[in-house]
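Undergrad: Just passing along the structure, written as C-alpha cells.
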Amino acid sequence: MTGSAASRRQEVLLETLRKLLLRGARANISNLLGRVRPVDMAGLMHLLDGAERLELFRILSADFPDGAGEVLTEMEPTHRHALLEQLTPEEIAAVLERVPVDDAVYVVDALPEGLREEVVSLVDLRDLREVQTHLAYRADTAGRIMDTELFSLPEGVKVREAIAAIQEQRDVEIIYYLYVVDDDGHLVGVTSLRQLLLSPPDKQLGEIMTRAMIKVHTETDQEEVAQLAARYDLLAIPVTDDGNHLVGIVTVDDIVDVVKEEANEDLLRMAGTSEEELLYERAPLRIARYRLPSLLAATVLLLASGLLLARFQAGLLELVGLLAFVPVIMGLGGAIGGQASTVAVRSLAAGRLGSGERGVGGFVLAQAGVGAVLGGACALLLGALAALLEGNPVFGVVVGLALFLALTVAAVVGALLPPLLRRLGFDPVAASGPLLGAVTDITGILIYFGLAVWLARHLAGGGG
C-alpha cells in the first residue's frame, strides 16, 4: 500500500470513528475497532481530542483488553501521559494486568516521577509484583527492559523432550532461542530452534548447545544491549544476575524500542533539551526548565568569547578590517567541529571507537587531517580575498593561517570532546550542542586575534 493510500485510509477511519462517537453508536465502534490493528489505532490517537481519545480507549479496554494494552504502549508519550491522567485507577490497573511485564514497566517508566509513583501504587493494588521488581533495577539497564517470561531447560533433557516441551508452551510470548541451564538455574548454553530440530532426537541439550554465547548482566546499559544485538544479529539476548542465574531476556522488539529511544534522546540532547519536554508540550515554564541549563552553560562560554574580543580590541585599532572575517572563522569552526563531533558520537554509540588502531588517538588524528585539508582549502581562498581587499599580503597571510589553524583545532576539539565526556562520566551527546559551539568559538577567537595582534605589532614595527 502506497503512502497516499495509507494516509487516505487513515483519514476515512478517523472520520468514521468521529461520526460514530457523535451518534453514540457503541456497538458499531466496537465492531470497527475489532478490525483495526492496535498499532494503527495508536497512530490515530494523536489525531483525536481528549474526550474522543478517552471514550475510544474505554470501549477498546472493555471489548478488546489485550489490544488496549498494545495501543497504550504504542502511543506517543505525550498522548499516553494525557490519557493516563484521564483514566481511573481501576482502569489503569486493568490495562497493565493484560500487557507483558516489560511493556508495563515501559509505560510506567516513561511517566514523570509524580505520576509514576501513583501508577506504581495502583500496580501494587493489583499485586503485579513483577513490575515492582523491574522498577528496582536502574533506569536504562537490561534489567529494566527484560522479559521474565522465558523458556529454558536443563542440559540433561533430550532433544525430543525439548521439542515436546516447546510445543506445550502457552505463556511465553515468542521463543527465539532455547536457553540451557544447570540444576541450579545457571545459564550454561544456548541453541537455536533450527539446531534443535536438526539434531538427533536422543541427543541431550548439553551435547548440541553452544557454550560461547552473548549474554548481559541485569545492570548492563540498554544501549550496550542494542549494540550487541546489532553486532551479532541476535533476536534476543539472555540476562543474568550476579550469580549467573538466567533471569530474563531482551527481545528484538524491545531492542528496536531502545534504538528509537536512544536516537530521540541524542537528538534532543544535541538541541540542549530533554525527552521529558515531550510530556509537557503545552507547559512553557516546565519546558524552559529543561532547556535552561545548557543555555546557561553556553551563555557563560559565549561571554568568555566576548571578553576575549574586548581584550584584543585595543591592539586592533589599526586593523578594523579583521572584524569582517570573524563570522567566517567562528561559523566554519563550528561547522567543522560539529561534523567531527557527530562522527565521534555515532562511532561511540556503534562501539567502533575503542582501543587499538581504531582508538581515540587514531580517530582524533584522522579528524585533524580532515580539518587540515578543509582548513587549507578555505584558507587559500579567504587569505587571497583578504589580501586583495586590504591591499596587504601580510594581512592575507594572517587571515589564511588563522583560518587553517582554527579549523584544524575545531576538528580536533569536535573529535576529542565526546570520548572525553564519556570518560568523565557525562553524556557525549552534550558535545554536539551549545557546548561545542562555544568551545570552537573561543579557540577560533584566540587563534585569530592572537595572530592579528602579532600582525598589528609587525606593521607598527615596520612603520617605525
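Here, each number is a calculation from the coordinates, and none is a lab measurement. Bear in mind that the values here come from a model prediction, so they are computed numbers and not experimental data. Cβ sites come from the backbone with ideal geometry, for glycine too, and all protein chains shown count toward neighbours.
Undergrad: What Kirkwood Rh does segment 152-252 have if only Cα atoms enter the pairwise 1/r average? Answer in Å.
TA: Working: mean 1/r = 0.0714 Å⁻¹.
Final number for the Kirkwood radius of segment 152-252 is 14.0 Å.
Undergrad: Something else now. Quick one: if you stick a label point 7 Å off each Cα along the C-beta vector at residue 366 and residue 7, how many nm between them?
TA: The two pseudo-label positions are separated by 4.0 nm.
Undergrad: Something else: Take the Cβ-Cβ distance between residue 85 and residue 454 as r, set R0 to 51 Å, and report the resulting FRET efficiency rounded to the nearest 0.05.
TA: Details: r = 63 Å, r/R0 = 1.24.
The calculated FRET efficiency here is 0.20.
Undergrad: Can you list the HN-Hα couplings for segment 373-385, worked out from phi with the Karplus curve (6.51, -1.76, 1.60; θ = phi - 60°), rounded to whole Hz and with x for Gly and Pro?
TA: Once rounded to whole Hz, the list reads 5, 5, x, x, 5, 5, 5, 4, 5, 6, x, 4, 5.
Undergrad: OK, next. Fully extended, how many nm does the chain gain between residue 214 and residue 235 (0.36 nm per residue separation, minus their Cα-Cα distance)? Write down the numbers at each step before the final one.
TA: Details: separation 21, 0.36 × 21 = 7.56 nm, distance 1.15 nm.
Result for the pair: 6.4 nm of gain on full extension.
Undergrad: Starting from the Cα-Cα distance between residue 184 and residue 300, subtract it from 0.36 nm times their residue separation and give me the gain in nm to one decimal.
TA: Fully extending the segment from residue 184 to residue 300 adds 36.0 nm.
Undergrad: So how far apart, in nm, are the two label points at residue 55 and residue 40 if each is 7 Å from Cα heading toward Cβ?
TA: Result for the modelled spin labels: 2.2 nm.
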